[in-house]
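Read the structure below first, then the notes.
The values are calculated or read from the model by the stated rules, or taken from the named source; none is laboratory data. Here the structure is a predicted model, which means the values were calculated and not measured. FYI the Cβ positions are ideal-geometry reconstructions off the backbone, even for glycines, and counts take in every protein chain you see. Ligands, DNA and RNA are stripped out before the accessible areas are found, and what is left, the full protein with its side chains, is counted by its heavy atoms. Shrake-Rupley method; radii C 1.70, N 1.55, O 1.52, S 1.80 Å.
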Amino acid sequence: MLTATRPLSDTITEIENKGRSIVFKSEARTIFMEFKTENIVHIKETVRDDLKPVDKPGVVYDKAVGDYEILNGENAYAVYTGKILIKADKATGRLSFYDAKGSLLFKEQRKASFAEYKTYLLTDSEQETEVIKTPDGEKTIIKDPKKVYNGDSYHITYYPVFGDEALYGLGQHEEGFGSLRDKVIYVHQGNRKIAIPFIVSTKGYGILFDTYSPMIFNDNADVPFIYNESAHELDYYVINGGDPDGAVRGYRTLTGKAAMLPKWAYGFVQSKERYETSKELIDTVKEARKRDIGIDCIVLDWMSWEDGKWGQKTFDKKRFPDAGNMVYKLHKDHARFMISVWPTTDPSCKDHAEFKKAGLLINASTLYNPYLKKGRDMYFKQIKEEILPAGTDAFWCDSSEPLTPEWSLKVRPEASAAYHEYSKESGLRFSDELSNAYCYYHAQGIYDGWIKEQENITKGKRLVNLTRSAYTGQQRLGTVMWSGDISASWDTLRRQIGAGLNFCASGMPYWTTDVGAFFVKPGDYWYWDGDFEDPIHDNGYKELYTRWFEWACFLPMFRCHGTDCDRELWAFGDKGDMFYDAMVKTDHLRYELMPYIYSEAGKVWLKDASLIKNLSFAFPDDKNVWDITDQYMFGESLMVCPVIKPMYFMPGNRMLEEKNERSVYLPGGTDWYDFYSGKKYTGGNTITVEAPIDRIPLFVKDKSIIPMTEFALSTDELSKNVTYKVFSDTPCEYEMYEDAGDGYGYERGEYTLTLIKSEDIK
């Protein structure tokens, strides 16, 4: 007869107070508890004898407080700081978290489970590989992987219980979710997908899982769980922020302040796939100037290198004979220059040979190894040889996941299959425990190199790194993320709004999208599935592009990009055409709002604010907003309401007879003003508003002041004269942030805060 083995007991048998940390011990496991601040607690749980030291670069806050009280109750130990209360059940070891008033935030339903397994990495030789070309770059396919043992790790499953609340975060989800309740989220990197292991609740708390491997969040199971693919111990932080904004502030306390972008980065960024010569770049900026279109940056997408030299960090001298002179001419027209750089290099490149000779390539791939400082330093050294001396202002770090195995398939895999394929492929190359973090280390090397050259090549300028993937702490590295190679449809536009909001709820403030989508036409791969056969001659696409452009005007970075057709505004018409005129008007509005935009961006750094956020962050007690994804706050005062359905044309120039209006919900607890007319509305109501092609519905929260200025062709040329629009019947005020617009003086206190009072405005 088989005999059952008695499981180890979770009953707490010992508690040890170390002054700045507390240890709970049972037969089965040990729980380490440390209070980083009065409202942030760090929990580690292990089934081993002690914690394994692991380099985790995302969390940089290294302080702890010892001002807490431990109470020994009949059934539980209680630890209290005055801002957060944690109870540890004596019989089970399960933890419950409460706010300062004793209201439950969340609790554990079961103890975490640890499943030990062996990990493997690819060997550095004898791999049968094939390099294939995809729209996402060159990919190395391994036919029969040869592996070597890399140590033991654990699959760890955590079982939290959530209450009457909405949850946000965990990165960018292409599905465009509102609240993540009842959802299954696969937290891994991908083209169109960004993983951030941070959750925010409308109850005002956040949970940051300090892991660098893929995760699964499942709030749709009989017993909800959060599964960690690979780690030595359960490691997480609970932040009682008081409200969702406070939870994000706690995240930034732990992982670092978001870097301030230069003012030009908030202007319009012109991009497409792709400008092929110096002349095209220069002429495009000149044409924008001639047409009275504001532009602050132009982007050189892939293949700045010679044909066949994928990823080589040099210029093709036939098409870019004098890159320095090209950038000089762009600068004379007040336009900055951004260039696309990749983590992979073709084996024929000298950059590849240099990495290979130094042993700094990821095994069985053409990817460099940013996990090692030597790899990061060599990558930036290569950038420094030709790209930086040309006067380059910003980088576009494409394919920074950098593995997207599903992009070699014609049919899109189901979400769980994509997760497991990513986990398998990345775990073999980077180590299971670090496979989500390639993008972080890649960005770290760019940032470190840029800062090191501040007195030399980078000349004191702030770094702008537009990159497709992110992980914990990356907001401090001058990065802006974008949503990847999406396809053109009205449904995509709708879902993109929610994708951006959940990403920014994850503590990352800077996000953008390809206006009009990257892919426009239908193709024979799952990702190349746009709705428009002939976009430039299709009024249906012009309308979609215009509405997308109007929405992007109210994103942290205002940028167009894509393939299948040109992306300059004059590709869609000329003066007198309703779509062209609407987009020019929108471009002007972005520059007119620059005093407000830059001031609110300053508060992202100074006060750990968010530039775009779900309505539930501003109105967490109004359940009506919990799942609204087509309205959001832009800064503290503006509510943006994008148009997400056609009103004039369907694809193929099919004319519609729709009313040019949309429904808007005005959150309760405040009055609202129409930005254009100044008409006042009472909150807590749904209204119908006009939405002609040249206007995105825009509302201002009561008791607001919006600083504005006159339009100019670039942020360099903006007038210093600021006017203030008051939206209030009673006295109100606005704190205006200003600094030099570039350089890192703001980190040394070189900024001003000016209190603007409505009664002083003439």
Take TYR676 and tell me if it is outside any loop (DSSP other than H, G, I, E, B), surrounded by fewer than 19 Cβ atoms within 10 Å (Cβ to Cβ) and out of contact with any helix residue (DSSP H, G or I) (no Cβ under 9 Å at 6 or more places or on another chain).
no
With the requirement that a residue be surrounded by fewer than 24 Cβ atoms within 10 Å (Cβ to Cβ), part of a loop (DSSP other than H, G, I, E, B) and modelled with pLDDT of 95 or more, what does the stretch 409-436 give you?
VAL411, ARG412, PRO413, GLU414
Members of the stretch 329-364 found to be small (Gly, Ala, Ser), more than 18 Å from ALA443 (Cα to Cα) and surrounded by fewer than 22 Cβ atoms within 10 Å (Cβ to Cβ), listed by number
SER348, ALA353, ALA358, GLY359
Scanning the stretch 565-596 residue by residue, those of a type outside the set (Lys, Arg) and open to solvent by 40 Å² or more (accessible area, probe 1.4 Å) turn out to be ASP566, TRP570, ASP574, GLY576, ASP577, MET578, ASP581, GLU592
Some residue of the stretch 153-164 being open to solvent by 40 Å² or more (accessible area, probe 1.4 Å) and either within 26 Å of LEU466 (Cβ to Cβ) or touching a Leu at 6+ places or on another chain (Cβ under 8 Å) (or both)
no
Can you tell me which condition LEU753 does not meet? The list is (1) surrounded by fewer than 17 Cβ atoms within 10 Å (Cβ to Cβ); (2) part of a loop (DSSP other than H, G, I, E, B); (3) of a type in the set (A, V, I, L, M), and all the others hold.
(2)
Do the conditions hold for GLU406, that is, is it open to solvent by less than 30 Å² (accessible area, probe 1.4 Å), closer than 27 Å to VAL299 by Cβ, among the charged types (D, E, K, R) and in contact with a helix residue (DSSP H, G or I) (Cβ under 6 Å, 6 or more places away or on another chain)?
yes
If you check every pair at least six apart or on different chains, which have Cβ atoms under 8 Å apart with a residue in the stretch 267-287 that is within 27 Å of PHE554 (Cβ to Cβ) first and a residue that is aromatic (Phe, Trp, Tyr) and open to solvent by 10 Å² or more (accessible area, probe 1.4 Å) second?
GLU273/TRP302; GLU273/PHE518; ARG274/TRP302; GLU287/TRP570
So, of the residues in the stretch 679-709 that are in a loop (DSSP other than H, G, I, E, B) and more than 29 Å from PHE579 (Cβ to Cβ), which turns out to be most open to solvent (accessible area, probe 1.4 Å)?
LYS703
Going by what's in this entry, would THR670 be described as of a type in the set (S, T, N, Q) and either under 29 Å from the mean Cα position of the chain (by Cα) or closer than 23 Å to ALA582 by Cα (or both)?
no
Having 1 or more residues that are over 22 Å from GLY246 (Cβ atoms) and within 22 Å of the chain's Cα centre (by Cα) is the bar; report the helices (runs of 4 or more DSSP H) wholly within the stretch 555-627 that clear it.
578-592, 594-606
The number of residues in the stretch 635-664 that are assigned to a strand (DSSP E or B), under 17 Å from TRP551 (Cα atoms) and either without any contact (Cβ under 8 Å) to a residue 60 or more places away in the chain or not aliphatic (A, V, I, L, M) (or both) is 4
Restricting to the stretch 366-387, and then to whatever is polar (S, T, N, Q) and either part of a helix (DSSP H, G or I) or open to solvent by 20 Å² or more (accessible area, probe 1.4 Å) (or both), can you tell me which residue is farthest from GLN312 (Cα to Cα)?
ASN369
